[in-house]
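What follows is a single structure, written as structure tokens, with notes after it.
A short reminder: the numbers here are calculations on the coordinates, not readings from a lab. Computed from a predicted structure; not experimentally measured. Glycine also receives a Cβ, built like all others from the backbone with ideal geometry; neighbour counts cover every protein chain displayed.
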Amino acid sequence: MYKPKVLLTHHNFPQSAIELLSEKFDVELCPTEASKPNQQDIINNIPGKFAIFCCSPIKINEDLLKAAGPSLKVVGTMSVGYDHIDLEALKKYGVRLGNTPDVLTEAVAEIAVGLLITTTRRFFEANHELKIGNWKTFSPDWMCGHGIKDSVIGIIGCGNIGTSIAEKLHKFNAAEIIYTSRSEKSAMKAIGGKLVNVDELVRKSDFVILSVALTPETKFIINKERLSKMKSNAVLVNIGRGDLIDQNALIEALKEKRIRGAGLDVMTPEPLPLDSPLMNLDNVVLLPHIGSATIETRIDMAELTARNILAVLENKTMPCEVKF
Ligand code: DGY
């Protein structure tokens with residue numbers, strides 16, 4: 001029996017999603033190096049496919065959509081973010097888009113809180129010092145950081161993830177939680193959160209957390225000028241996208257100790273080259289974009305991506321369609 005084809009950009013998407021798709025689709029894995037999908041291989045293999053099941057770093061752009069031809073009806077990205085997807089091009093080629101919000105909210109919020117604590121309490125440096133034998137005795141001023149209690153926490157972008165971060169950190173007895181958003185959020189009001197603008201937020205916060213989508217408006221939302229307005233004891237945490245921060249300006253600020261530290265789950269580029277100056281700074285904690293990387297969350301994301309794609313084939317409402 002003829003089945004339409006879906007192309008999977010990576011070889012290691014969770015099996016349960018592949019099984020869901022296989023009921024209705026002929027599933028093809030892109031013949032590329034499993035751990036390192038290649039844009040050109042995807043372009044070579046997209047012609048004639050009904051759907052593409054993808055995630056970053058594959059770019060869904062005009063070149064790819066043109067190569068796909070008229071059979072391509074839907075892009076399912078296994079991510080909440082879709083900055084790797086050219087929406088104008090999708091519109092032009094009449095292709096729909098599904099993404100995976102909500103199912104990853106808690107996992108990403110946990111990473112934000114973890115990074116914040118790890119950075120402010122200097123976990124990685126302390127762990128390193130212990131392992132190289134520098135822990136000689138209890139020492140009153142050794143490896144001291146700052147706590148969250150009585151601090152001002154600033155969250156840039158208060159969607160589901162930002163709100164969940166705020167709710168978690170609220171339990172740490174911060175003095176104040178401030179946030180930016182297009183409008184006041186009732187969930188934030190319920191925990192005493194105060195809506196402010198970005199400049200006020202960076203000036204007042206001891207912890208600045210970026211949890212906003214990357215768009216032309218938010219690119220470099222933390223730039224040299226805003227870094228210079230941050231408190232000298234401030235810690236910057238980014239769980240959104242690398243380009244929310246002017247990374248060169250951040251490197252300078254960290255080198256000159258103009259802020260206390262940064263915890264980054266995302267950076268530019270990804271993977272970060274080993275010779276990046278960020279690698280040698282002891283006041284930065286780097287994670288390899290693992291915000292949503294719990295086993296259960298990745299399974300939920302993959303199954304939701306599969307259901308988004310199946311819905312288009314079956315002419316049903318997509319569980320999570322990006323409208324543009
Ligand atoms: C997302 O879902 O956007 C995460 O950052 C993974 O890319």
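Set the Förster distance to 56 Å, then compute FRET efficiency between E28 and N173 from the Cβ-Cβ distance, nearest 0.05. My answer for the efficiency is 0.60. Which of the residue pairs K36/K59; K3/K49; K171/K224; K189/K323; K168/K255; K49/K91 have a Cα-Cα distance greater than 21 Å in the structure shown? Violating the 21 Å Cα-Cα cut-off are K171/K224; K189/K323; K168/K255. Peptide packing: for 141-147, 154-160, 296-302, the average count of neighbouring Cβ atoms within 10 Å per residue gives the ranking 154-160, 296-302, 141-147, highest mean first. The helix-only estimate of mean residue ellipticity at 222 nm for the chain, built from DSSP H runs of length n ≥ 4 each weighted as -39500 (n - 2.57), is -10000 deg cm²/dmol after division by the residue total. The alpha carbons of the chain give a radius of gyration and a Dmax of 21.5, 73 Å, in that order.
One chain, two ends: K316 and E200. Fully extended at 0.36 nm per residue, the span grows by 37.3 nm beyond their Cα-Cα distance. Taking label positions 7 Å along the Cα-Cβ direction at both C144 and F324, the computed distance is 5.1 nm, reported to one decimal. For P14, the shell of other residues with beta-carbons less than 12 Å away shows a net charge of -3, using +1 for Lys and Arg and -1 for Asp and Glu. Stokes-Einstein, applied to the Kirkwood radius of the stretch 105-286 over Cα pairs at a viscosity of 1.567 mPa s and 4 °C, places its translational diffusion at 78 µm² s⁻¹.
Entry for the stretch 1-158 at q = 0.14 Å⁻¹: log10 I(q)/I(0) = -0.79, Debye formula applied to identical alpha-carbon scatterers, no solvent contribution. The angle between the Cα long axis of helix 160-170 and the main principal axis of the chain comes to about 30°, on a 0 to 90 degree scale.
Under the combined filter of DSSP loop state and at most 15 neighbouring Cβ atoms within 10 Å, the stretch 1-76 retains these GluC sites (Glu not before Pro): E23, E33.
Between E256 and F220, the modelled labels are 1.7 nm apart [label points 7 Å from Cα along Cα→Cβ]. Bridging of K231 to aspartates and glutamates at a Cα separation below 13 Å is possible for D199, E200, D206, once same-chain residues fewer than 8 apart are set aside. Using the Cβ of L169 as centre and a radius below 13 Å, the other residues enclosed give a net charge of -2, where K and R count +1 and D and E count -1. Neighbours of N160, meaning other residues whose beta-carbon lies under 11 angstrom from its beta-carbon, give a summed charge of -2 when Lys and Arg score +1 and Asp and Glu score -1.
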